[in-house]
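Colleague: Have a look at this one before I ask anything.
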Amino acid sequence: MLKNEKVKVIPCSGMGKVYGLMAREATLHAVRHLCPQHAETMCLAYVVTGDNEIKESMKDSTFITIDGCPLMCSAKSVAAMGGDIQGEFKVLDVMKEHRGVRPGTATELTPEGWKVVEEIGGIISGRVQQIREERR
Amino acid sequence: MSKKYAVLPCNGLDKCAGQMSKEIALLVCEQGASELICPVFYQVTDARYDKIAKENPLLVIDGCASRFASKLVAAKNLKIDRKLMVTEEAQKRGIQLGLEPLRLSEKEVDLCKVFVAELLKEDVDAPIAATGTSLTYPVPEDYIVYTKDKFIFRIPKAGFYFTESDCWVQLCGNLARIGVTDFVQHSLSDIMFFTPPVLDMDVEQFGEVGVIESGKAVYELVCPVSGKVKAVNNELLTAPELINQNPYEQGWIAEIELSNFSEEQDFLLTPDEYLKVLEKKVADFHVKK
């Protein structure tokens, strides 16, 4: 059993693209509304600093990463810092199921975009639930 | 005949999906000439399996989202040819795999057989030339580089011709590869879908030869040359982002057997000529923004 019970959900920074914004919003939707008791988020920029405090807190944690695009910055960064990744998701994979949907821009989502964000939040939350069951 | 793989399953002894991973690996090996790699042994030493892993297409089978087999491959710096994640594939069929049973029932074994049939069937169905002929195209060594804001546009300096619609052609004897330029991939941003041209179809110069699509737009590929489609880059079907990553190499679209290049060359642009077209397009694009 891992000491740190809450699953860490880490979105990419994705500042320049709508898919990055969706990754961040989906993470917040999951950790604030869908499974606040069992998941929390951390800042990816903080994770990659390599600072001792963050390294120590990562040791006993389980991670889910959510990336906007195929560059997979979050998954790669968390893996590089030695994080135990138990779920890797990519916004683009979900968007492929919604061909033609215009999710918005890097700074503002459309109502369609928010719907997809909620769906991704559900996927993250589902994985959090699975991880909890696997721990039992 | 089935493709010969180096098969690397995970070692998930304590989960149903892990047991299935090993079962699938065994079935693949039994039904073809594939060779099995023990992940535990390979983890501790390269000697036994390195040659097999490097000289054969690598099939990686992960049981669960921990993806230990994939991580092992990444640590060994190997290229994955095919990948199967048992839990995900089961979920796609509406089946939730739990921790148990560890000893597989008929139901789980049947599911393994379905996965194996799909893995091997795709190999049989795949047209031989679908992922490229045996020709080796020279890698562009030098580029004209044009930068605007955060965007970098590269144009290979030698061996390529271009169209005003931002496609390129690279000749190799009587065959040629075609693709799109950096302008297209930057304009579309993350490319999500690739619709390839049909193998052996005849295409006219400036005729449509496939479609790529991102969240922003759909782009019909304009063929710079006439001829017959002899191969398509099937890797783009599962990884269209290769066009974004490198449109001049891994992101090539199709291979054409040329029918009339000597005459058609007059309608194509040299790298310097295309640079002028590109500069104007980029300027117009920024004005419109």
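Colleague: Enumerate by residue number the trypsin sites (Lys or Arg not before Pro) in the stretch B:38-124 meeting two conditions: DSSP loop (anything except H, G, I, E, B), and at most 15 other Cβ atoms within 10 Å of the site's Cβ.
Modeller: On the way: sites: B:Arg48, B:Lys51, B:Lys54, B:Arg67, B:Lys71, B:Lys76, B:Lys79, B:Arg82, B:Lys83, B:Lys92, B:Arg93, B:Arg103, B:Lys107, B:Lys113, B:Lys121; in loops: B:Arg48, B:Arg67, B:Lys76, B:Lys79, B:Arg93, B:Arg103.
Listed in order of number, the matching sites are B:Arg48, B:Lys79, B:Arg93, B:Arg103.
Colleague: Right, next: What is the gain in length, in nm to one decimal, between B:Phe285 and B:Ala33 on full extension, counting 0.36 nm per residue of separation less the C-alpha to C-alpha distance?
Modeller: Numbers: separation 252, 0.36 × 252 = 90.72 nm, distance 5.36 nm.
Separation in residues times 0.36 nm, less the Cα-Cα distance, equals 85.4 nm.
Colleague: Another one. Can you work out the Karplus-derived ³J(HN,Hα) for every residue in the stretch B:221-236? Use 6.51 cos²θ - 1.76 cosθ + 1.60 with θ = phi - 60°, whole Hz, and x for glycine or proline.
Modeller: 6, 9, 6, x, 9, 9, x, 10, 6, 9, 7, 10, 7, 5, 4, 5
Colleague: Take every Cα-Cα pair in the protein assembly as shown and report what % of them are more than 38 Å apart.
Modeller: Numbers: 27094 of 90100 pairs.
So the portion of pairs separated by more than 38 Å is 30 percent.
Colleague: Note down the nm distance, to one decimal, between modelled labels 7 Å out along Cα→Cβ at A:Glu5 and at B:Glu106.
Modeller: It is 4.3 nm.
Colleague: At 222 nm, what helix-only mean residue ellipticity would chain A give, in deg cm²/dmol to the nearest 500, using -39500 (n - 2.57) for each DSSP H run of four or more? Please report the intermediate quantities before stating the final value.
Modeller: Details: 6 runs with 61 residues, N = 136.
So the calculated ellipticity at 222 nm is -13000 deg cm²/dmol.
Colleague: I need the shape label for the stretch B:143-288. Rule: rounded when a/c is under 1.5, else prolate if a/b > b/c, else oblate, with a, b, c from the alpha carbon gyration tensor. It would help to have the intermediate numbers written out before the result.
Modeller: Details: a/c = 1.82, a/b = 1.22, b/c = 1.49.
Because a/c hits 1.5 or more and a/b fails to exceed b/c, the stretch B:143-288 counts as oblate.
Colleague: Roughly what % of DSSP beta bridges within chain A run antiparallel, to the nearest 5?
Modeller: Details: 1 of 14 bridges.
For chain A, the DSSP antiparallel bridge percentage is about 5.
Colleague: Any idea how far apart A:Arg132 and A:His38 come out in nm if each label point goes 7 Å out from Cα toward Cβ?
Modeller: Computed distance between label sites A:Arg132 and A:His38 equals 0.3 nm.
Colleague: Need one value for A:89-100: mean number of C-beta atoms belonging to other chains within 10 Å of its residues' C-beta atoms. Numbers along the way, then the final one.
Modeller: Details: counts 1, 1, 2, 7, 1, 0, 4, 4, 0, 1, 4, 3.
Average neighbour count from other chains, rounded to a whole number: 2.
Colleague: Could you give each residue of the stretch A:91-108 its phi-based ³J(HN,Hα) in whole Hz, using Karplus coefficients 6.51, -1.76, 1.60 with θ = phi - 60°, and x for Gly or Pro?
Modeller: Along the stretch A:91-108, the couplings run 4, 4, 4, 6, 4, 5, 7, 10, 4, x, 6, 9, x, x, 10, 5, 10, 8 Hz.
Colleague: Can you list the residues, at least 5 places off or on another chain, whose amide H is less than 5 Å from the amide H of B:Lys83, using H built in the peptide plane?
Modeller: Correct list: B:Val60.
Colleague: Moving to a separate point now. Evaluate the relative contact order of chain A (contact order divided by residue number), counting alpha-carbon pairs under 8 angstrom at least 6 apart; express in whole percent. Write down the numbers at each step before the final one.
Modeller: On the way: 246 pairs, mean separation 42.6, N = 136.
Relative contact order of chain A: 31 percent.
Colleague: Let me ask something additional. May I ask you to evaluate 6.51 cos²θ - 1.76 cosθ + 1.60, the Karplus curve with θ = phi - 60°, for each residue of the stretch B:156-171 and list the ³J(HN,Hα) values in order in whole Hz, giving x for glycine and proline?
Modeller: x, 7, 9, x, 10, 10, 9, 10, 5, 8, 6, 10, 10, 9, 10, 8
Colleague: To continue, here is another question. In the stretch B:58-108, what is the count of Lys pairs whose alpha carbons are under 26 Å apart, counting only pairs at least 8 residues apart or on separate chains? Let's see the in-between values first.
Modeller: Details: B:Lys71/B:Lys79; B:Lys71/B:Lys83; B:Lys71/B:Lys92; B:Lys79/B:Lys92; B:Lys83/B:Lys92; B:Lys83/B:Lys107; B:Lys92/B:Lys107.
So the count of such lysine pairs works out to 7.
Colleague: Near the amide H of B:Cys172, under 5 Å away, which other amide H atoms are found, from residues 5 or more places off or on another chain, if H is placed in the peptide plane?
Modeller: Correct list: B:Arg177.
Colleague: Divide by every residue of chain B the summed helix terms, -39500 (n - 2.57) for each DSSP H run of at least 4, and state the resulting mean residue ellipticity at 222 nm, rounded to the nearest 500 deg cm²/dmol. Can you show the working numbers first?
Modeller: Working: 11 runs with 100 residues, N = 289.
The helix-only estimate for chain B comes to -10000 deg cm²/dmol at 222 nm.
Colleague: Could you work out the relative contact order of chain B? I mean the mean sequence separation of Cα pairs under 8 Å and 6+ apart, divided by the number of residues, in percent. Don't skip to the end; give the middle numbers.
Modeller: On the way: 542 pairs, mean separation 42.6, N = 289.
It rounds to 15 percent for chain B.
Colleague: For a Förster distance of 51 Å, can you work out the FRET efficiency between the beta-carbons of A:Lys59 and B:Phe267, rounded to the nearest 0.05? It would help to have the intermediate numbers written out before the result.
Modeller: On the way: r = 62 Å, r/R0 = 1.22.
After rounding to 0.05, the efficiency reads 0.25.
Colleague: What is the extension gain from B:Lys113 to B:Ala75, computed as 0.36 nm multiplied by their sequence separation minus the C-alpha to C-alpha distance, in nm to one decimal?
Modeller: On the way: separation 38, 0.36 × 38 = 13.68 nm, distance 2.94 nm.
My answer for the length gained is 10.7 nm.
Colleague: Now a separate question. Net charge near B:Lys107: determine it from the other residues with C-beta under 14 Å of the C-beta of B:Lys107, scoring Lys and Arg +1 and Asp and Glu -1.
Modeller: It works out to a net charge of -2.
Colleague: Let me ask something else. For B:Leu104, which sequence-distant residues (separation of 5 or more, or a different chain) have an amide H within less than 5 Å of its own amide H, given hydrogens modelled in the peptide plane?
Modeller: Under 5 Å from the amide H of B:Leu104: no residue qualifies.
Colleague: Quick one: Cα centre-to-centre distance for the stretch B:148-166 and the stretch B:185-243, in angstrom?
Modeller: The stretch B:148-166 and the stretch B:185-243 have Cα centres separated by 17 Å.
Colleague: Could you check the spin-label model distance between A:Lys115 and B:Phe151? Points 7 Å from the Cα along Cα→Cβ, value in nm.
Modeller: Reported label-point gap for A:Lys115 and B:Phe151 is 3.0 nm.
Colleague: Write down, largest first, the equivalent ellipsoid semi-axes of chain B in whole Å, where each equals the square root of 5 times an eigenvalue of the alpha-carbon gyration tensor. Display every interim value, and only then the final one.
Modeller: Numbers: eigenvalues 359, 83, 65 Å².
Those come to 42, 20, 18 Å.
Colleague: Comparing A:Cys73, A:Cys35, A:Cys43, which has the greatest mean-square fluctuation in the GNM of chain A with Cα pairs linked when under 10 Å apart?
Modeller: A:Cys43
Read-outs throughout are calculated quantities, based only on the coordinates presented, and are distinct from any laboratory measurement. All figures in this text were calculated on a predicted structure; none of them were measured in a lab. Backbone-built Cβ (ideal geometry, glycine too); neighbour counts: all protein chains shown.
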